[in-house]
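Undergrad: Could you have a look at this structure, given as structure tokens, before my questions?
The values are calculated or read from the model by the stated rules, or taken from the named source; none is laboratory data. All figures in this text were calculated on a predicted structure; none of them were measured in a lab. FYI the Cβ positions are ideal-geometry reconstructions off the backbone, even for glycines, and counts take in every protein chain you see. Keep in mind that these areas ignore ligands, DNA and RNA; they rest on the heavy atoms of the full protein, side chains included. Shrake-Rupley method; radii C 1.70, N 1.55, O 1.52, S 1.80 Å.
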Amino acid sequence: GTRVFTIDTSRSTVSYTVTEHVPTISQFHPAIGTFRVTGRAPVRGGTIHVAPSPGASSVRDVTVDALQLKTDQGLRDQFIDPGLADALAPFAEFSSTSLSGLPATIADGATIQFKLTGRMQIHDVVQPVTLDTTATISGGTLSASATATFDMNVFRVSPPSGGVSTVDPTVTLEVHLVATAGP
């Protein structure tokens, strides 16, 4: 039958990377140039269902606490536009609609690569997203890493900008999940 794996929230993370442009020096950002900004948010739950026929497997209700989003600089976090937090709040959710490129069977301990397509909801906007995914099932533990790139505008999230910087709308999303099999 189908094996259900519950995401271990203590070992799972979602992060994003964007490009920030700083054209002037300010007390808040002492460097000029283009920078990669990374942020992280905690995973709050979700399940992965691995079916005997791998193509029938699914990822359900992976929830990320967008209000807990933190960048790689605490000072930057103090100046994040409250409108951005409202646009992301309270949770971002993902559920799969299809998996492609899977082998006919999944051997214990084997690493597989596939495309995971689904619906991502940020605030009240739902859009399709495809993640390039690598996963391994070893005994009762499933580990997966996935990446996707998308334009934040499709979720009606305006790129942050302030008096000293602007952010490109392209987002690279990285998901690292560890899940354990249920009883």
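Undergrad: Only one residue in Val157, Val175, Val171 is in a loop (DSSP other than H, G, I, E, B) and under 15 Å from Met120 (Cβ atoms), so which one is that? Lay out the reasoning, then the answer.
TA: On the way: Val175 fails: in a loop (DSSP other than H, G, I, E, B); Val171 fails: in a loop (DSSP other than H, G, I, E, B).
After ruling out the rest, the residue left standing is Val157.
Undergrad: From the set of residues in the stretch 114-128 that are in contact with a strand residue (DSSP E or B) (Cβ under 9 Å, 6 or more places away or on another chain) and aliphatic (A, V, I, L, M), which is surrounded by the fewest Cβ atoms within 10 Å (Cβ to Cβ)?
TA: Val126
Undergrad: For Thr105, which of the numbered conditions (1) modelled with pLDDT under 95; (2) open to solvent by less than 70 Å² (accessible area, probe 1.4 Å); (3) more than 24 Å from Val154 (Cα to Cα); (4) of a type in the set (Ser, Thr, Tyr) fails to hold?
TA: Unmet condition: (2).
Undergrad: Against the definition (free of Cβ contacts under 8 Å to residues at least 12 places away in the same chain and either of a type outside the set (Gly, Ala, Ser) or surrounded by fewer than 16 Cβ atoms within 10 Å (Cβ to Cβ) (or both)), how does Val178 come out, yes or no?
TA: no
Undergrad: Any residue at all in the stretch 138-156 that is aliphatic (A, V, I, L, M), closer than 25 Å to Thr19 by Cα, open to solvent by less than 60 Å² (accessible area, probe 1.4 Å) and in contact with a Pro (Cβ under 6 Å, 6 or more places away or on another chain)? I'd like the intermediate steps shown before the answer.
TA: Taking the stretch 138-156 and keeping what is aliphatic (A, V, I, L, M), we get 142, 144, 146, 148, 152, 154.
With the extra rule that they be closer than 25 Å to Thr19 by Cα, the set shrinks to 146, 148, 152, 154.
Then drop every residue that is not open to solvent by less than 60 Å² (accessible area, probe 1.4 Å), which leaves 146, 148, 152.
This time we only want the ones that are in contact with a Pro (Cβ under 6 Å, 6 or more places away or on another chain), so: 152.
Yes, because at least one residue in the stretch 138-156 is aliphatic (A, V, I, L, M), closer than 25 Å to Thr19 by Cα, open to solvent by less than 60 Å² (accessible area, probe 1.4 Å) and in contact with a Pro (Cβ under 6 Å, 6 or more places away or on another chain).
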